[in-house]
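First the structure, in the form of structure tokens, and then the observations on it.
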Amino acid sequence: MELLKQRILQEGIVVSDQVLKLDALLNHQVDPELTVEMGREFARRFADTGVTRVVTVESSGIAVAFATALEMKVPLVFARRKKTLLADPDALCERVPSFTKGIVTDIMLSRQYISPDDKVLFIDDIIANGDAARGLIKIIERSGAELVGLGVVVEKCFQAGARTIREQGVRLESLVKIMSLTGGEIIFGD
Ligand code: 5GP
């Protein structure tokens, strides 16, 4: 997605060889027009899959997942990062390490909002090692729903997440691929 590449070049900040800060357009501030375009693009790519529900993980995936769900005219459900010790017998939970926070968090999704009849499109912001995505994929599998694909805004190709998830047989589409951040330079892939 050419527009997104331009915005990343203008507003992204390379923090290290591994991390690209995208607070200006994805992880803190949200540009509604750009986000709507991202949602349109995901909806176009997954138009043939019969999606009944879009899912994401709070918080950075919510805006683009919302735009996708709006375009596909289906509900959006976001998995919550669990902050309470109260047991919810209806919840599907997974423990995932957080790439940027360096901690482990529990994510949960209530069985009330996902069913075995669903065809689920999972939308997320950035894929690095893939831990967050693998956690939500396990939850979707345990719900009995069918995962039709995973759409990520930014795929960091120099980390293993996207490759291993594709090897699992999941259809993963990214709007922008980043091959390298070495030396402070953002190198895009095709
Ligand atoms: P993973 O579980 O794939 O290692 O990391 C995924 C999550 O970590 C993403 O949803 C994103 O919020 C955060 N993350 C990973 N790499 C980056 C990065 O380079 N920049 C930013 N801003 N967030 C990242």
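The values are calculated or read from the model by the stated rules, or taken from the named source; none is laboratory data. Not measured: the values here are computed from a predicted model. Positions of Cβ are generated from backbone atoms using ideal geometry, with glycine treated the same way; all protein chains shown enter the neighbour counts. Note: accessible area is taken over every heavy atom of the protein model, side chains too, but ligands, DNA and RNA are not part of it. Shrake-Rupley method; radii C 1.70, N 1.55, O 1.52, S 1.80 Å.
Ordering GLU41, GLU33, GLU11 by how much accessible area each has at a 1.4 Å probe, largest first, what is the list?
My answer, sorted largest first, is GLU33, GLU11, GLU41.
At a 1.4 Å probe, what is the % contribution of carbon and sulfur to the accessible area of the chain?
Roughly 52 percent of what the probe reaches on the chain is carbon or sulfur.
Given a 1.4 Å probe, how much area per residue of segment 2-188 is accessible, in Å²?
Spelled out: the 1.4 Å probe surface of segment 2-188, per residue, equals 50 Å².
Given a 10 angstrom Cα cut-off, can you work out which residue in THR56, THR100, THR35 is the most mobile in a GNM of the chain?
Between THR56, THR100, THR35, it is THR100 that shows the largest mean-square fluctuation.
With +1 assigned to the C-beta of every Lys and Arg and -1 to the C-beta of every Asp and Glu, and no other charges, what is the dipole magnitude of segment 8-57 about the Cα centre in debye, to the nearest 20?
The calculation lands at about 260 debye.
Only Lys, Arg, Asp and Glu count, each charged at its Cβ (+1, +1, -1, -1), so figure out the dipole size of the chain about its Cα centre, rounded to 20 debye.
400
Considering the chain as a Gaussian network with a 10 Å cut-off on Cα pairs, which listed residue, PRO116, PRO75, PRO89, attains the greatest mean-square fluctuation?
PRO89
Using a 1.4 angstrom probe on the protein heavy atoms only, could you order LYS119, LYS73, LYS138, LYS101 from most to least accessible area?
Result of the area sort, largest leading: LYS73, LYS101, LYS138, LYS119.
Would you mind checking the radius of gyration and Dmax of segment 115-190 based on alpha-carbon positions, in Å?
13.4, 48
Beyond 25 Å, what share of the Cα-Cα pairs of the chain is found? Please give it as a whole percent.
Result: 31 percent of Cα pairs exceed 25 Å.
Cα axis of helix 131-143 to longest principal axis of the chain: angle in degrees, 0 to 90, nearest 10?
20
Rounded to the nearest 500, what is the chain's calculated 222 nm mean residue ellipticity when only DSSP H runs of at least 4 contribute -39500 (n - 2.57) each, over all residues? Show your work: numbers first, answer last.
Values: 5 runs with 55 residues, N = 190.
Calculated from helices alone, the mean residue ellipticity at 222 nm is -9000 deg cm²/dmol.
Give the accessible area for MET1 in Å² (nearest 10); use a 1.4 Å probe, count only protein heavy atoms, and leave out ligands, DNA and RNA.
Surface open to solvent at MET1 totals about 50 Å².
Enter the angle in degrees (range 0 to 90, nearest 10) between the Cα long axis of helix 62-72 and the first principal axis of the Cα atoms of the chain, meaning the one along which they spread out most.
Rounded to the nearest ten degrees, it is 70.
List the relative contact order of segment 2-188 as a percent without decimals, with contacts defined as Cα pairs under 8 Å and 6+ residues apart.
Relative contact order, segment 2-188: 20 percent.
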